[in-house]
Amino acid sequence: MQSDSSPTDVSPDPVLVHDWHPAFYSKDLPAGTARPLDLLGKKLVIWRDDNKVHAWRDLCLHRGTQLSLGKVSRCRLVCPYHGWEYDHEGRCVKIPAHPEQTPPEKARVETYRVEEAGGLIWVSLGYPPAGPPVLPEFEDSSFRLVPCGPYEFNASAPRVVENFLDVAHLAFVHNGLLGDSEHPELPDYQVQTDESGISATDISIFQPDPDGTGKGSRVTYTYRVTRPFHTYLEKNTAPDRFVLFLGVCPHNKYRSSSFMIIGMNYGHDIPLKQLQDFQDRIVAQDKPIVESQRPELLPLDLAEELHLRSDRTAMAYRKWLRALGLQFGTA
């Protein structure tokens, strides 16, 4: 039987295997549903019974059918081909063609860790040392949360993250919204890399519409990269604070999805759809740019491309990924 994924697409990187990856928004997987997910080159089924979410290899042990094509019944996942029923532990407990037969012990689906946090379903193929990331602001009742996406990219996860960290493109790709092409100058800023990741601070820029409210402002950016495909920014226009978390799900080396959650301690009267539509518009501007980049895999050797002072955060990100030994989605 042919493998469910190409060996060249499956991630060998421990840093990614033992990390959390966003799969779906919790609201998009109601009880009694199952959905397929490609993660790091592996095909999974994510399903919810009456009590919790499960993440399994998307493969029935009988004839190799995708379980995500099946249905959830009585807190069991039922294969669509021959009706084999698997309990919440991944064990086959019923074979309809032979109801008197006890299913063999080997009839177990490979299971993975899954948790819900911050309105997202997180999946790991390994053993993460801590729980999924949740920003402090997301547990602060003074902040309004705005989930956006997921956004599909025909691009590697590192390319998507690096675009998010790139301030210099705002004046051109998002001209009139997050930047002004007539004033693209960027003052110097600070970048630091330590055991917690990367931080870029004191990035000052004028934005005609920094958050979808339609009010121009000079904002100060702070970026933090905490995991290879987890990062967030803060725009501070005191007393107003705007934070945006980005989690990228790496489906394979050339395809990924990004999940964005915005936290705002102001603008509670603005319609949710207005804020989400604004972010949709921003990502729609980014998408063709990121998908056009060559090489498709992010070069970690800084000699492969040209770099300027304004690329300082991206340079730090590439150096950090290289130090982590990351190979998936990179060149």
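The values are calculated or read from the model by the stated rules, or taken from the named source; none is laboratory data. Bear in mind the structure is a predicted one, so any value in this text is a computation, not a measurement. Cβ placement follows ideal geometry from the backbone for every residue including glycine, while neighbour counts extend to all protein chains displayed. Each accessible area value is taken on the protein alone, full model and side chains, heavy atoms only, with ligands, DNA and RNA left out. Shrake-Rupley method; radii C 1.70, N 1.55, O 1.52, S 1.80 Å.
Exactly one residue out of P210, P228 is more than 21 Å from the chain's Cα centre (by Cα) and in contact (Cβ under 8 Å) with a residue 12 or more places away in the chain: that is P210. Do we have P295 as open to solvent by 20 Å² or more (accessible area, probe 1.4 Å) and not in a helix (DSSP H, G or I) here? Answer is yes for this residue.
Is one or more of the residues making up region 308-319 charged (D, E, K, R), assigned to a loop (DSSP other than H, G, I, E, B) and under 19 Å from F153 (Cβ atoms)? Spell out how you get there, then give the answer.
Quick first cut of region 308-319, residues charged (D, E, K, R) only: 309, 311-312, 318-319.
Going one step further and asking which of them are assigned to a loop (DSSP other than H, G, I, E, B), we end up with none.
There is no residue in region 308-319 that is charged (D, E, K, R), assigned to a loop (DSSP other than H, G, I, E, B) and under 19 Å from F153 (Cβ atoms).
Of all residues in region 233-269, those satisfying the criterion of being surrounded by 23 or more Cβ atoms within 10 Å (Cβ to Cβ) and of a type in the set (S, T, Y) are S256, S258.
Take region 254-292 and flag every residue that is without any contact (Cβ under 8 Å) to a residue 12 or more places away in the chain, in a helix (DSSP H, G or I) and over 19 Å from the mean Cα position of the chain (by Cα). Quick ask: steps written out before the conclusion?
Step one: filter region 254-292 for residues without any contact (Cβ under 8 Å) to a residue 12 or more places away in the chain, giving 269, 271, 273, 284, 288, 292.
Narrowing the set further to residues that are in a helix (DSSP H, G or I) leaves 273, 284, 288, 292.
Scanning region 254-292 gives K273, S292.
For region 194-207: of the residues being free of Cβ contacts under 8 Å to residues at least 60 places away in the same chain and among the aliphatic types (A, V, I, L, M), which is farthest from P133 (Cα to Cα)? Give the derivation first.
Going through region 194-207, the residues free of Cβ contacts under 8 Å to residues at least 60 places away in the same chain turn out to be 194-196, 199, 201-207.
Subset that is among the aliphatic types (A, V, I, L, M): 203, 205.
Details: I203: 24, I205: 28 Å.
The selected residue is I205.
Applying the set (1) surrounded by fewer than 17 Cβ atoms within 10 Å (Cβ to Cβ); (2) in contact (Cβ under 8 Å) with a residue 24 or more places away in the chain; (3) not in a strand (DSSP E or B) to P184 leaves exactly one unmet item: (2). For region 282-330, residues that are charged (D, E, K, R) and under 18 Å from V248 (Cα atoms) total 5.
Going through L165, L145, L135 one at a time, which residue ends up being touching a strand residue (DSSP E or B) at 6+ places or on another chain (Cβ under 7 Å) and modelled with pLDDT under 95? Can you show your working first?
On the way: L165 fails: modelled with pLDDT under 95; L145 fails: modelled with pLDDT under 95.
L135 is the lone residue from the list that is touching a strand residue (DSSP E or B) at 6+ places or on another chain (Cβ under 7 Å) and modelled with pLDDT under 95.
I'd like to check something: does region 228-241 contain any residue that is assigned to a loop (DSSP other than H, G, I, E, B), within 28 Å of S141 (Cβ to Cβ) and at pLDDT below 95? Yes, there is a match, as at least one residue in region 228-241 is assigned to a loop (DSSP other than H, G, I, E, B), within 28 Å of S141 (Cβ to Cβ) and at pLDDT below 95.
Residues considered: G90, G119, G32. Of these, the only one that is within 29 Å of the chain's Cα centre (by Cα), closer than 24 Å to F245 by Cα and not aromatic (F, W, Y) is G119.
Of the residues making up region 237-256, one or more are of a type in the set (G, A, S) and in contact with a strand residue (DSSP E or B) (Cβ under 7 Å, 6 or more places away or on another chain). Contact annotation: residue pairs with Cβ atoms under 6 Å, 6 or more positions apart or on different chains, pairing a residue in region 159-175 that is under 18 Å from T201 (Cβ atoms) with a partner that is among the hydroxyl-bearing types (S, T, Y) and open to solvent by 10 Å² or more (accessible area, probe 1.4 Å), are A168/S310. For the residues F172, F164, the requirement of being aromatic (F, W, Y), open to solvent by less than 30 Å² (accessible area, probe 1.4 Å) and either under 27 Å from L298 (Cβ atoms) or in a strand (DSSP E or B) (or both) singles out F164.
For first residues located in region 242-253 and closer than 10 Å to E137 by Cα and without any contact (Cβ under 8 Å) to a residue 60 or more places away in the chain, partners that are open to solvent by less than 10 Å² (accessible area, probe 1.4 Å) and not in a strand (DSSP E or B) and lie 6+ apart or on another chain with Cβ distances below 6 Å do not occur.
Kindly check whether there is at least one residue in region 214-227 that is in contact with a strand residue (DSSP E or B) (Cβ under 6 Å, 6 or more places away or on another chain) and either among the aromatic types (F, W, Y) or part of a loop (DSSP other than H, G, I, E, B) (or both).
Residues of region 214-227 that are in contact with a strand residue (DSSP E or B) (Cβ under 6 Å, 6 or more places away or on another chain), as a first pass: 217-226.
Still in the list and also either among the aromatic types (F, W, Y) or part of a loop (DSSP other than H, G, I, E, B) (or both): 221, 223.
Yes: region 214-227 contains one or more residues that are in contact with a strand residue (DSSP E or B) (Cβ under 6 Å, 6 or more places away or on another chain) and either among the aromatic types (F, W, Y) or part of a loop (DSSP other than H, G, I, E, B) (or both).
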